[in-house]
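Data block below; observations after.
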Amino acid sequence: MARKRPKDPDILHGHHVVSGPELRAAMEAARDADETARVRRRVLHNVVLVLLIGLIAAGIIVALAIINGRLKIPTAVPAPTPVSTCPASMFDYAPNDKINLNVYNSTSRPGLARSVADEFLARKFVVGNVSNINAGYRGVAAVVSGAAGQSAAFTVQRNVPGADYFQDGRTDASVDVILAQDYKALAPPEMVDQTPGKLSCPRESRRIADPDKLPVIPAAAPTP
């Protein structure tokens, strides 16, 4: 007859019976975990508190500096209103034979200055210098004069559709015509508007002029 195996005191109905020491160990482990979590939360709270105090202190310092004038807050400066340098005067169309004119070619087209100068001569303008130059201007043509030559420049500009007017520091009444890449032709003589009007000045949105190169001085170049 088989002998009965002695009962294991740690097993009851197939389940492990927790002993007193095991229970105490589990409780101590739980307390340790709770304590660790509390310490971490306390450290985190302290860090946040220090940062908050630092921000408040920095805000107070900056505010005092602004109040005392030691710190200036940059403000947006409104863009200056563009000032027109275009003469506002009305001009009458002057007789062609009273106008001293210089014709310059700033394009890569050979002979352009000479051919246009001949057209001005046919219209009775008094043509002086005819040359090739390097000019910091892009557009149709630049009409350049001093203050004394504004009326003459107005007449010249009426013969060159799309030209822009520039004023330089010369004291005589001479006028320069600087032909640029967009130049096509003079207005037909019978189509030239001879009614009074104003000079047409640079349109920066469409043309570019380099003021450092005005007044334009003819550069050494082959005969146009």
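Packing order of peptides 180-187, 103-110, highest average first: 103-110, 180-187 (average count of other Cβ atoms within 10 Å over each peptide's residues). With both labels modelled 7 Å from their Cα along Cα-to-Cβ, the Val39 to Asp118 distance reads 10.3 nm.
If you sort Thr155, Thr36 by accessible surface, 1.4 Å probe, largest first, the order is Thr36, Thr155. Modelled spin-label separation between Ala58 and Met191, with each label point placed 7 Å from Cα along the Cα-to-Cβ direction: 7.0 nm.
Accessible area per residue was computed with a 1.4 Å probe on protein heavy atoms; Val140 scores about 20 Å². In this structure, the amide hydrogen of Asn129, modeled 1.01 Å from its nitrogen in the peptide plane, lies closer than 5 angstrom to those of Val103, counting only residues at least 5 positions away or on a different chain. Computed over neighbours whose Cβ is under 13 Å from that of Ala113, the net charge equals -1, Lys and Arg +1, Asp and Glu -1. The residues Ser174, Ser145, Ser89, sorted by heavy-atom accessible surface at 1.4 Å with ligands and nucleic acids left out, run Ser89, Ser174, Ser145 from largest to smallest.
Given a 1.4 Å probe and the protein chains as shown, Met27 ends up with an accessible area of around 100 Å².
Distant-in-sequence amide contacts of Phe166, defined by a placed amide H-H separation under 5 Å and a gap of 5 or more residues or a different chain, comprise Val143, Val144, Ser145. Within the full protein context, the accessible area of Leu52 is estimated at about 90 Å² for a probe radius of 1.4 Å.
The values are calculated or read from the model by the stated rules, or taken from the named source; none is laboratory data. Here the structure is a predicted model, which is why all the values come from computation and not from measurement. Glycine gets a Cβ as well: all are built from the backbone with ideal geometry, and neighbour counts include every protein chain shown. Each accessible area value is taken on the protein alone, full model and side chains, heavy atoms only, with ligands, DNA and RNA left out. Shrake-Rupley method; radii C 1.70, N 1.55, O 1.52, S 1.80 Å.
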